[in-house]
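Colleague: Input: one structure, supplied below.
The values are calculated or read from the model by the stated rules, or taken from the named source; none is laboratory data. Since this is a predicted model, take the numbers as computed values, not measurements. Glycine also receives a Cβ, built like all others from the backbone with ideal geometry; neighbour counts cover every protein chain displayed. The protein model used for the area step is the full one, side chains on, heavy atoms only, and it has no ligands, DNA or RNA in it. Shrake-Rupley method; radii C 1.70, N 1.55, O 1.52, S 1.80 Å.
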Amino acid sequence: MPVPQGPFASSLDGKPFEAMLPVLRYLFPEPSVYERPEPQSECVNGIKYPVRLAHDCTLDGALYKQGERVFRDVAIALKAAGQLRDPRIM
């Protein structure tokens, strides 16, 4: 297919497309009926999940990048593997 004329953004670009997320959230603050709702947060031992990772971590060959949000089960597995040091994660 030919490349569209004028400005466009491709979701297939991976990381560069993530730079557009703040703009899209500003322009469209309410999710459409076609979007998955944000998962509900949970708070355990003073930590609100999902948590953002302070550094890159690996677990069973999977790479979790700094700033990525992970839920409690992943945080617990990362701590068990020696990747996280926060004593509140149990």
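Colleague: Among the candidates Lys48, Lys65, single out the residue that is open to solvent by 80 Å² or more (accessible area, probe 1.4 Å) and either closer than 30 Å to Pro7 by Cβ or within 13 Å of the chain's Cα centre (by Cα) (or both).
Modeller: The conditions single out Lys65.
Colleague: Restricting to the stretch 30-45, and then to whatever is closer than 19 Å to Met90 by Cα and of a type in the set (A, V, I, L, M, F, W, C), can you tell me which residue is most open to solvent (accessible area, probe 1.4 Å)?
Modeller: So, considering only residues that are closer than 19 Å to Met90 by Cα and of a type in the set (A, V, I, L, M, F, W, C), the one most open to solvent (accessible area, probe 1.4 Å) is Cys43.
Colleague: So is Pro22 modelled with pLDDT under 75 and either farther than 30 Å from Pro87 by Cα or part of a strand (DSSP E or B) (or both) or not?
Modeller: Here the answer is yes, as Pro22 does meet what is asked.
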